[in-house]
Amino acid sequence: MLSKRIIPCLDVRDGKTTKGIKFKENVDIGDPVEMARFYYEEGADEIVFYDITASSEHRDIMIDVVRRVAEEIFIPFSVGGGIRTVEDMRAVLLAGAEKVSVNTAAVKNPEIISDGAEAFGNQCIVLGMDVKKVGPSAKIPSGYEIVIHGGRTYTGMDALAWAKKAEALGAGEICLNSIDADGTQEGYELALTSLISENVDIPVIASGGAGNIDHIYDVLRHARADAALVASIVHYGTYTIRQIKHELSSRGIKVRTTW
């Protein structure tokens with residue numbers, strides 16, 4: 001059995017880590033490079049960075065932050081937001097990231113997934129999915145719709161169909177974020193996570209809603225996510241990465257440990 005991963009998520013805006021609720025009311029909470037170093041030392045398996053306004057503001061990715069992070073941590077990290085071309089991917093990977101995450105750009109141009117996978121390998125390409133529960137319909141049979149531009153634009157695309165298509169195109173992993181659960185600390189969207197995890201053969205990272213260790217346990221055990229993204233509960237000091245891993249291990253979840 002592969003170890004489950006605990007992955008802090010740093011949303012970055014104007015060079016600062018920020019946190020909001022359901023993609024709104026963001027407040028700045030720290031320096032992303034310093035926070036990355038802290039989580040690395042705490043035992044994080046990976047770190048995810050999202051430049052949350054790059055796509056909506058039609059600007060380039062934060063390459064300077066990527067370079068600085070690469071000098072400070074020695075675990076894999078992925079970067080998303082503002083990546084529109086294979087050349088953008090190359091720039092991020094050359095700056096030190098191990099993976100790139102595409103979301104809005106992939107919806108607009110799905111071939112960026114296959115082009116990126118061909119150029120750099122499937123393992124480097126993460127599909128970021130921001131998903132809103134809208135209820136089943138003829139157009140959205142799963143009841144979950146893909147939303148882009150940082151939660152601003154509804155696409156009319158069914159989340160399950162998009163996950164399957166992205167896998168077929170060559171995505172090596174899915175980072176699945178529930179907009180409804182994001183920042184609420186009321187638990188992950190287990191039904192959504194189960195739906196995607198059960199229907200694709202690539203790893204699924206659950207994102208949005210972690211408020212306590214029970215929530216993380218549930219999404220890893222019962223919704224069968226391969227990894228759990230955490231933000232508020234570690235950013236605000238409710239738990240440390242080490243505490244989370246200790247507790248999960250005591251409950252029979254296999255995690256990578258350094259103790």
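Overview of results
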read-out	value
Positive dipole terminus of the chain, leading residue within Ala105, Val204, Gly82 (C-beta point charges)	Val204
Long pairs among Lys139/Lys164; Lys4/Lys165; Lys4/Lys133, criterion Cα-Cα beyond 18 Å	Lys4/Lys165; Lys4/Lys133
Order by protection proxy (mean Cβ within 10 Å, highest first), peptides 131-137, 208-214	208-214, 131-137
Residue order, fewest to most beta carbons within 10 Å, for Leu127, Leu169	Leu169, Leu127
At R0 = 51 Å, FRET efficiency that the Cβ-Cβ distance of Lys108 and Glu72 yields, to 0.05	0.95
Ranking of Tyr188, Tyr40 by count of other Cβ atoms within 10 Å, fewest first	Tyr40, Tyr188
Likely footprinting exposure, Tyr50, Tyr154, fewest C-beta neighbours within 10 Å first	Tyr154, Tyr50
Charge sum, other residues only, whose C-beta stays under 10 Å from Arg256's C-beta, Lys/Arg counted +1 and Asp/Glu -1	+3
For the chain, convex hull volume per residue from C-alpha positions, Å³	111 Å³
For the chain, size of Cβ-based charge dipole, Lys and Arg +1, Asp and Glu -1, in debye	420 debye
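Computed from the coordinates by the stated procedures, all read-outs in this text should not be read as laboratory data. Please read all numbers here as calculations on a predicted model, not as lab measurements. For neighbour counting, all protein chains shown are included, and Cβ atoms are generated from backbone atoms with ideal geometry for every residue, glycine included.
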